[in-house]
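Peer 1: Pasting a structure here, questions to come.
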Amino acid sequence: MTTRQKNAAILIVAVLGTFGALFLLEKSRSSAERGGTRILDAIPADTFLLATVDVEPLRGSPLADPLRALGPGIGMNGKELQAQCGFDPFDRLDALALAIPEGEGVGDFGIVSAGRIAKDELLRCARTLMQSRSARLGTRDVSDFTLVEDQGTFAASQGKLAVRDGGPFLLSREPWLTSMIEAWDKKRPRIEASTRHMELRKELSTPQAPVVLVTALLPTKLRDRLKREMATNPGDATDPSNATMLGVLGVEAAGLSLTMSSGNVLDLAAELRCETEQDCTMVRDLIVKKRDEWASDLRLRFIGLGAVAQGLTVEAKGTRISARTRVAMDDARRLIDRLLELRSAPPNTAPGARAPAPTTTPGARASAPTTAPSARTSAPNPPTTTPSARTAASSPPQRPVPPDKDAGSR
């Protein structure tokens, strides 16, 4: 092989290697960078809890249909949006983030999203939805965002939508929305400045990027206040639960990840960071105890959580706790389906069961039901001499009714 041929071969290998590396990089990019928009750039550093969702892989998984069914429960009714706006956000979004601020009174939470939705398209959708609710729509520009807000009587307590060309799209109340816009504009520190958040996210993203990643920093002031309250009111000093609670309050940070692995399996991982090694030991023992209880709980086994708990491994090392388990994708789908059934079922009704029919005939005396009434189907005026278990538990104690002297003559 001549020198020229060697150089050409090296050049071809280098080009192929470069394209291969770029391809692998694109495939491994996390939800925070998907679609060319880094949603983390709009997350302020003073975030208490951060959750990110990589929507794209979930959309093609067995979990897609159950997740769509969850939409109306979290205020995202895909069918309603499809009818009024012409698209379902689940089909267009690529990445989603939820950020909860540390302090109180700075907004409940903020949502950052990115996807294949044009700014004008989203603005038209927002106008349509707000007008259908008789809201007084107003728009104004802040930085390179356009804010869509309700200018009615209760406008101050309503969330606002901030959109810009190319994304991201922000949804929150003030003043947290302003904090998110300032983070995007680099006018205040972003989440990357939070070392503990980023350390947990990096550890839970190895070796594969998760589809769901949650990290939380438990506020030191809150934990210290609870510790002082426990010291002021110690209760039973011999109660082991007091020591366990102190160990729980020693947890400084926690993270959780869900990763889609080969073979249609969901890997669940959790990481906790404690103030002291003793705190981690007590928390590990508590997790192991709860794992054993949940694994044998028939109710949890019925909805599919028993097997997940049974496969949980917990390890404490120094001031770190690592927990791992996994669940088949089909089992996870069935679990979400069962949770949806439980959410839609009437209280005290098993999933899929019909509500019990009334057991009394119209006009019958309350004191003489045809069958023993249940707590929920009893007559409106039950006799005070034989209250049901639910009535006795929920009503204040009543003076006993003396026996009717004439009862025997009737």
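Peer 1: Using just the alpha carbons, could you tell me how many Å³ per residue the convex hull of the stretch 218-347 encloses?
Peer 2: Given the Cα convex hull of the stretch 218-347, per-residue volume reads 148 Å³.
Peer 1: Report Rg (one decimal) and Dmax (nearest whole number) for the stretch 158-255, counting Cα atoms only, units Å.
Peer 2: Radius of gyration, then largest Cα-Cα span, for the stretch 158-255: 19.2, 61 Å.
Peer 1: Highest mean first, what order results for 255-261, 95-101 on Cβ atoms within 10 Å?
Peer 2: Packing order, densest peptide first, comes out as 95-101, 255-261.
Peer 1: Only counting other Cβ atoms within 10 Å, I'd like Thr313, Thr178, Thr232 sorted with the fewest neighbours first.
Peer 2: Thr232, Thr313, Thr178
Peer 1: How would you rank Asp65, Asp337, Asp46, going from fewest to most other Cβ atoms within 10 Å of each one's own Cβ?
Peer 2: Values: Asp65 11, Asp337 16, Asp46 19.
Lowest to highest Cβ neighbour count: Asp65, Asp337, Asp46.
Peer 1: Please provide three numbers in whole Å: the alpha-carbon extents of the stretch 139-205 along the principal axes, with the largest listed first.
Peer 2: 45, 24, 21
Peer 1: Taking neighbour counts of Cβ atoms within 10 Å as a proxy for exposure, in what order, fewest first, do Leu217, Leu200 appear?
Peer 2: The fewest-first ordering by Cβ neighbours comes to Leu217, Leu200.
Peer 1: Using the structure shown, select from Lys160/Lys221; Lys119/Lys202; Lys227/Lys289; Lys160/Lys187 the pairs with a Cα to Cα distance greater than 25 angstrom. Walk me through the numbers on the way to the answer.
Peer 2: On the way: Lys160/Lys221 30 Å; Lys119/Lys202 32 Å; Lys227/Lys289 23 Å; Lys160/Lys187 20 Å.
Table pairs above 25 Å Cα-Cα are Lys160/Lys221; Lys119/Lys202.
Read-outs: derived from the displayed coordinates by stated rules, not from any lab. Because the structure is a prediction, the values reported are computed rather than measured. Cβ atoms come from the backbone with ideal geometry, glycine included; neighbour counts cover every protein chain shown.
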